[in-house]
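Undergrad: A single structure is presented below for examination.
The values are calculated or read from the model by the stated rules, or taken from the named source; none is laboratory data. It should be emphasised that the depicted structure is a prediction, and the values quoted were computed from it without experimental measurement. Note that we place each Cβ from the backbone using ideal geometry, even for glycine, and neighbour counts take in every protein chain shown. To get the accessible areas, we keep the full protein, side chains included, count just its heavy atoms, and leave off ligands, DNA and RNA. Shrake-Rupley method; radii C 1.70, N 1.55, O 1.52, S 1.80 Å.
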Amino acid sequence: MSENTWVQASDEVWDVVVVGGGVAGLSAALTLARVRRSVLVIDAGEPRNAPAAATHNLLSRDGIAPLELLRLGREEVLSYGGRVESGRVSGLRREGAELVVTTEDGGRAPARRVLVTTGLVDELPAIPGLAERWGRDVLHCPYCHGWEVRDGAVGVLATGPAAFHQALMFRQLSPEVTLFLHSGGDPTEEQWEQLAALGIDVVDGTVGALEVDDRDRLAGVRLASGRSVAVDALVVAPRFVARAGFLADAGLAVTEHPMGIGGQLVTEPGGFTGVDGVWAAGNVTDLMAPVPAAAASGVQAAAAINIDLIGADARAAVVARAGRASDASRPEPGSGDRR
Ligand SMILES: Cc1cc2nc3c(=O)[nH]c(=O)nc-3n(C[C@H](O)[C@H](O)[C@H](O)COP(=O)(O)OP(=O)(O)OC[C@H]3O[C@@H](n4cnc5c(N)ncnc54)[C@H](O)[C@@H]3O)c2cc1C
């Protein structure tokens, strides 16, 4: 057996292989391990919110560091007999009755069912220095970071129609909001009226760069014209793209979100993808899901997979029982019984 062949000691296939060990994947693995399913999580270790210092809106854990939350989650999965391995899954295909998950470094894990919880990539506007500040003072979500920037000078970078709504959302948190029109197009007449009535400044022109102070904090936005506007935080609207390229051989691909905000896997309620044996949960199938919702969808998918396995086990037991009954009615070799 190769070092990277994650078969079980008994040589049986895993009940479930979970691809991705963020909150969705670990919540699913915990649920499955607690109903005594054999479960392997393969995780590349790059959760989407890793750049942020804290996780908010998670009841009783508000403020916990994203990587600490996952460390605790892995401990819980391991305590029930689940297994968590580092690796990047590069393929998924069916081989007879099994699904086989393969990794970039040659690992291979056979499974009865597979749950995909690989999250998404935030594609950021291409402004020099912006990506480096993502999750710190370049932000997107008022629920995740709004409290932390309350009453500060908040800029909103327009790259599409969502910017107007972001400006209104952050205006609830600070009286000092500036909307940079950048590449977002002009607001409608009604929007201009609302922006003016709420005291939101609007700055025309393309943003060329971000300004950072000597304590590595965002200080301002510099326009291509050379004008600088002081801000403490900049709100952007990334394009959200599900991490699902490795599913092509399994016949799965991302579909454009109805709101035009990115691409995701489409699943039934409970996470079934429509491909035999394959489920998905978390941001890979719900671009807007925050941490508690991603965790909840992992639990729901785990329950749906468990029900599916229970049905398969029960049908297999009936077949095995019928086989035993027909064996018992057969004469023993050499018994002379010719009934
Ligand atoms: C900057 C920022 C801050 C945020 N703050 C908050 C907050 O305060 N509160 C909140 O509720 N939400 C917050 N969110 C949203 C939060 O990040 C998501 O809700 C959450 O990460 C979704 O969990 P997930 O398990 O679906 O995906 P992820 O957390 O992204 O986990 C997916 C895992 O799968 C792994 N993976 C990907 N591809 C592969 C592969 N091919 N093989 C193996 N493993 C793979 C990744 O490395 C990662 O470990 C924030 C988001 C951002 C961007």
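Undergrad: Just to check your reading of the model, which residue among ASP186, ASP137, ASP213 is open to solvent by 50 Å² or more (accessible area, probe 1.4 Å) and either under 23 Å from the mean Cα position of the chain (by Cα) or more than 16 Å from the ligand (Cβ to nearest atom) (or both)?
TA: Details: ASP137 fails: open to solvent by 50 Å² or more (accessible area, probe 1.4 Å); ASP213 fails: open to solvent by 50 Å² or more (accessible area, probe 1.4 Å).
Going through ASP186, ASP137, ASP213 in turn, just one is open to solvent by 50 Å² or more (accessible area, probe 1.4 Å) and either under 23 Å from the mean Cα position of the chain (by Cα) or more than 16 Å from the ligand (Cβ to nearest atom) (or both): ASP186.
Undergrad: Taking GLY96, is it out of contact with any Phe, Trp or Tyr (no Cβ under 6 Å at 6 or more places or on another chain), surrounded by fewer than 15 Cβ atoms within 10 Å (Cβ to Cβ) and over 29 Å from ILE261 (Cα atoms)?
TA: yes
Undergrad: What pairs come up if the first residue lies in region 301-312 and is within 16 Å of THR273 (Cα to Cα), the second is surrounded by 21 or more Cβ atoms within 10 Å (Cβ to Cβ) and at pLDDT below 95, and their beta carbons are under 8 Å apart, counting only those six or more places apart or on different chains?
TA: none
Undergrad: Return only the number of the condition from (1) on the phi > 0 side of the Ramachandran plot; (2) modelled with pLDDT of 95 or more that GLY129 does not satisfy.
TA: (2)
Undergrad: Tell me, please, whether a residue that is surrounded by fewer than 19 Cβ atoms within 10 Å (Cβ to Cβ) and either within 26 Å of ASP276 (Cα to Cα) or at pLDDT below 95 (or both) can be found in region 70-80.
TA: no
Undergrad: Ok, one more. Take region 278-293 and flag every residue that is near the ligand (Cβ under 9 Å from one of its atoms) and surrounded by fewer than 24 Cβ atoms within 10 Å (Cβ to Cβ).
TA: ASP286, MET288, ALA289, PRO290, PRO292, ALA293
Undergrad: Ok, one more. Here are some conditions: (1) assigned by TED's automatic domain parsing to the domain that holds GLY271; (2) assigned to a loop (DSSP other than H, G, I, E, B). PRO331 meets all but one. Which one does it not meet?
TA: (1)
Undergrad: Could you tell me whether ALA312 is at pLDDT 95 or above, in the same structural domain as THR273 (by TED's automatic domain parsing), closer than 30 Å to GLY119 by Cβ and over 27 Å from the mean Cα position of the chain (by Cα)?
TA: Values: at pLDDT 95 or above: yes; in the same structural domain as THR273 (by TED's automatic domain parsing): yes; closer than 30 Å to GLY119 by Cβ: yes; over 27 Å from the mean Cα position of the chain (by Cα): yes.
When the stated conditions are applied, ALA312 passes them.
Undergrad: Do you know which residues across region 12-49 are open to solvent by 30 Å² or more (accessible area, probe 1.4 Å), part of a helix (DSSP H, G or I) and either β-branched (Val, Ile, Thr) or within 11 Å of the ligand (Cβ to nearest atom) (or both)?
TA: Of everything in region 12-49, those that are open to solvent by 30 Å² or more (accessible area, probe 1.4 Å), part of a helix (DSSP H, G or I) and either β-branched (Val, Ile, Thr) or within 11 Å of the ligand (Cβ to nearest atom) (or both) turn out to be VAL23, THR31.
Undergrad: Here's another thing I want to ask about it. Scan region 104-123 and report the pairs whose first residue is on the phi > 0 side of the Ramachandran plot and whose second residue is open to solvent by 40 Å² or more (accessible area, probe 1.4 Å) and within 9 Å of the ligand (Cβ to nearest atom), with Cβ atoms within less than 7 Å and a gap of 6+ or a chain change.
TA: Pairs found: GLY119/ARG48; GLY119/ARG243.
Undergrad: Just one of the numbered conditions (1) farther than 15 Å from ALA50 by Cα; (2) within 14 Å of the ligand (Cβ to nearest atom); (3) not assigned by TED's automatic domain parsing to the domain that holds GLN264 is not true of GLY129; which one?
TA: Condition not satisfied by GLY129: (2).
Undergrad: Are there any pairs with C-beta distances below 8 angstrom linking a residue in region 262-277 that is free of Cβ contacts under 8 Å to residues at least 40 places away in the same chain and among the polar types (S, T, N, Q) to a residue that is in a strand (DSSP E or B) and surrounded by 14 or more Cβ atoms within 10 Å (Cβ to Cβ), with the two at least 6 apart or on different chains, and if so which?
TA: Partner pairs satisfying both residue conditions: THR267/TRP279; THR267/ALA280.
Undergrad: Separate question: Pick from GLY245, GLY270, GLY282, GLY263: which is touching a strand residue (DSSP E or B) at 6+ places or on another chain (Cβ under 7 Å) and either under 23 Å from ALA97 (Cα atoms) or not assigned by TED's automatic domain parsing to the domain that holds GLY184 (or both)?
TA: Going through GLY245, GLY270, GLY282, GLY263 in turn, just one is touching a strand residue (DSSP E or B) at 6+ places or on another chain (Cβ under 7 Å) and either under 23 Å from ALA97 (Cα atoms) or not assigned by TED's automatic domain parsing to the domain that holds GLY184 (or both): GLY263.
Undergrad: State whether one or more residues within region 50-70 are among the small types (Gly, Ala, Ser), closer than 24 Å to PRO290 by Cα and more than 10 Å from the ligand (Cβ to nearest atom).
TA: yes
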